[in-house]
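Here's the structure, in structure tokens; my notes come after.
Derivation of every value follows stated rules applied to the coordinates shown; laboratory data play no part. Values in this document were obtained by computation on a predicted structure and should not be read as measured data. Backbone-built Cβ (ideal geometry, glycine too); neighbour counts: all protein chains shown.
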Amino acid sequence: MKNSMKLALVFTLLLASVTLFAAGTSEKAPVANDASDYPSKPIQVILPVGAGGDTDLNARLFSRYMEKELGKSFAIVNTSGGGGTVGMQKVLDSAADGYTVLFYHGEAMIPKIAGMVDYGLEAFDMAGICLLDDTTVLATHPGMPFKTIPEFVSYAKANPNAVEFGIMTGGYPHLVGIVLEDVAGIDLNLVDVGGNAAKTVALKGRKTQVINTQYGLTQDYFKSGDFVVLGLTSKVRNPLFPDVPTTTEQGLPLEFNKFFFYAMPKGTPKAIIEKFSAAMKRVVEDPAYQAEAAKYFVTPSYMNPEDATKHAEETYKYFAQYQDLMRGTSK
């Protein structure tokens with residue numbers, strides 16, 4: 001009798017275990033293989049920069065159109081610090097369910113090159129590239145004794161470490177600064193003043209002397225005379241503002257442009273990424289969005305997750321050649 005009761009108890013426990021296991025797996029399966037009800041709640045968009053810069057502007061504009069495509073609100077969360085690593089880490093620490101996404105640009109790769117973190121974009125699942133920005137210019141204020149690239153380089157050579165170049169340590173401006181020094185053969189005083197919004201304020205208040213910025217972000221200051229544009233860091237002039245000469249044609253071969261992307265935590269279900277990415281493609285092709293983006297001289301351009309990943313890898317290889325300079329192990 002006792003043996004029969006023991007056998008019945010064991011059977012009951014085994015049956016309960018199987019039932020619980022089946023229930024658990026049946027709940028997780030739809031998340032991994034189906035995105036028919038995605039999104040079912042608002043999506044949080046993490047920006048690893050402060051408010052007011054070009055990343056912030058582009059994210060808010062693009063996300064507004066994404067809301068129309070996916071039918072849910074996009075909550076923009078500015079999470080600055082650590083050269084972008086604070087915001088990136090916030091996304092990495094989030095659930096891989098498509099409800100916390102990263103919006104950023106190629107600057108995401110710089111902290112790894114600078115030795116600040118041991119990860120880059122390979123730590124995320126790319127949802128796609130949505131925007132290209134070939135508008136990076138070098139700018140100064142009218143109180144400086146140079147108005148062109150040759151005058152700037154000549155002055156910097158005659159006054160080593162005297163010209164202050166505003167950067168964000170471990171960020172895109174940091175890379176621009178050290179490459180500028182290397183290519184021009186000059187020594188600048190690289191000072192951390194923050195991201196694009198902070199750099200704009202610093203230059204306007206003449207708290208720094210030269211910055212890299214996006215033409216569309218600061219065009220009003222160029223028009224008002226508060227800023228002086230030295231040159232576009234590109235091989236060819238941008239047809240959207242053809243009067244601005246390139247640094248290359250002025251004897252300084254620099255080429256810096258940005259690609260903006262959305263990415264998700266590693267392991268996000270492929271179906272969710274594909275649905276999100278398809279919405280990105282529709283926004284890029286939307287004439288209304290294209291018209292608004294043109295006001296900031298940026299180019300809507302879609303790359304799917306695979307192509308976006310390849311583009312990021314190629315860009316990383318270009319940036320990585322300056323790793324020793326970024327880490328201060330070469331000069």
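Rounded to the nearest 20, the Cβ-based charge dipole of the chain about its Cα centre (Lys and Arg +1, Asp and Glu -1) stands at 720 debye.
Across the range 69-83, rounded Karplus estimates of 3J(HN,Hα) from the backbone phi angles (6.51 cos²θ - 1.76 cosθ + 1.60, θ = phi - 60°) give 6, 9, x, 9, 6, 10, 8, 7, 10, 7, 10, 8, x, x, x Hz, Gly and Pro being marked x. Relative to one another, the C-alpha centroids of the range 311-325 and the range 175-210 are positioned 20 Å apart.
Counting Lys and Arg as +1 and Asp and Glu as -1 over every other residue whose Cβ lies under 14 Å from the Cβ of Met144, the net charge comes to +1.
Between Lys157 and Lys223, take the C-beta separation as r, use R0 = 35 Å, and let me know the FRET efficiency to the nearest 0.05. Intermediate results must be reported in sequence, preceding the final value.
On the way: r = 31 Å, r/R0 = 0.87.
Using R0 = 35 Å, I get an efficiency of 0.70.
Count Lys and Arg as plus one, Asp and Glu as minus one, and take only other residues whose Cβ is under 14 Å from that of Gly81; the net charge is then -1. Scalar couplings 3J(HN,Hα) for the range 254-265, obtained by applying the Karplus form with A = 6.51, B = -1.76, C = 1.60 to θ = phi - 60°, are 10, 8, 10, 9, 10, 10, 9, 9, 10, 9, 10, x Hz; x denotes Gly and Pro. If the segment from Lys270 to Ser36 were pulled out straight at 0.36 nm per residue, it would be longer than the present Cα-Cα gap by 83.0 nm.
The HN-Hα couplings worked out from phi for the range 269-283 by the Karplus form 6.51 cos²θ - 1.76 cosθ + 1.60 (θ = phi - 60°) are x, 4, 4, 5, 4, 5, 5, 5, 5, 4, 5, 4, 4, 5, 5 Hz, whole numbers, x standing for Gly and Pro.
Near Leu61, within a Cβ-to-Cβ distance under 13 Å, what is the net charge of the other residues, with Lys and Arg +1 and Asp and Glu -1? Intermediate values should be presented prior to the final figure.
Details: positive: Arg60, Arg64, Lys68, Lys295; negative: Asp54, Asp56, Glu67, Asp133, Asp286, Glu292.
Its environment carries a net charge of -2.
With angles folded into 0 to 90 degrees, how steeply does helix 149-158 sit against the dominant principal axis of the chain? Use alpha carbons for both and round to 10. Taking Cα atoms only, the helix is inclined about 80 degrees. Restricted to Cα atoms, the chain shows a radius of gyration and a Dmax of 24.4, 102 angstrom.
Full extension of the segment from Lys207 to Val77, taken as 0.36 nm per residue of separation minus the current Cα-Cα distance, would add 44.0 nm. Close amide H contacts of Ser301 (hydrogens built in the peptide plane, cut-off under 5 Å, sequence separation of 5 or more or a different chain): Leu131, Leu132.
Model label sites at Glu255 and Gln323, defined 7 Å from Cα along the beta-carbon direction, differ in position by 2.2 nm.
Can you tell me what the convex hull of the Cα atoms of the range 166-206 projects to on average, as an area in nm²?
Working: hull surface 11.1 nm².
Average of the hull's projected areas for the range 166-206 equals 2.8 nm².
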